[in-house]
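K.L.:
I have a structure here, written as structure tokens, and I will follow up with some questions on it.
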């Protein structure tokens, strides 16, 4: 299939559409940085990840880092966007039967922030993610494949809903916790990875610290 000109052309066309989509969302995310009345900053933290729908539920610790921008932050309801680099997947703690998947994504979060009480806000939104690289080891699973890259075996775009809370320690520093629930399968039922015939989706819990630069 890799040598077929038709499939090569279709693959390039698909990549071009996805790059255009990410570029458009990134441009929208960058708008607040150009508005003098808005705030922006950096954030980073730890994540607990899983791939729901697989035969074994294995939590994988990960990390996340990036930047954010917001406007309308002095209102009860405001808009916030984020551009993050995230590490997701699963990690088997039983080394005799590895079931490990490491996935690296570029996440673009678009959400509403709602002030609940003083210094405490609720975030509700949507997250498209672009798969940058994927690696797996199913060598200990029945019917599994050998260790190697799975970037081409999984869907390039992932989508999830998000819900979380943020608490401002002072004017610039804040901490937060968030839950992301994926609703697009990482592969179809006829996929090459041994997820037990189910439709696997990403699940992430984040605990993070942020700092407003403006």
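The values are calculated or read from the model by the stated rules, or taken from the named source; none is laboratory data. Note that the structure is a prediction, hence the values are computed from the model and not measured. Counting neighbours? That spans all protein chains shown, and the Cβs are built from the backbone with ideal geometry, glycine included.
K.L.:
I need the full set of residues from the range 187-214 which are at pLDDT below 85, touching a strand residue (DSSP E or B) at 6+ places or on another chain (Cβ under 8 Å) and surrounded by 15 or more Cβ atoms within 10 Å (Cβ to Cβ), in order please.
P.N.:
193, 195, 200
K.L.:
From the list 139, 145, 153, 160, which residue is at pLDDT 90 or above and surrounded by 14 or more Cβ atoms within 10 Å (Cβ to Cβ)?
P.N.:
Exactly one of 139, 145, 153, 160 is at pLDDT 90 or above and surrounded by 14 or more Cβ atoms within 10 Å (Cβ to Cβ), namely 160.
K.L.:
Tell me the residue from 59, 51 that is in contact with a strand residue (DSSP E or B) (Cβ under 9 Å, 6 or more places away or on another chain), at pLDDT below 95, closer than 16 Å to residue 181 by Cβ and surrounded by fewer than 17 Cβ atoms within 10 Å (Cβ to Cβ), please.
P.N.:
59
K.L.:
Same structure, new question: So, in the range 125-136, of the ones that are crowded, with 19+ Cβ neighbours inside 10 Å and at pLDDT below 90, which residue ends up farthest from residue 202 (Cα to Cα)?
P.N.:
136
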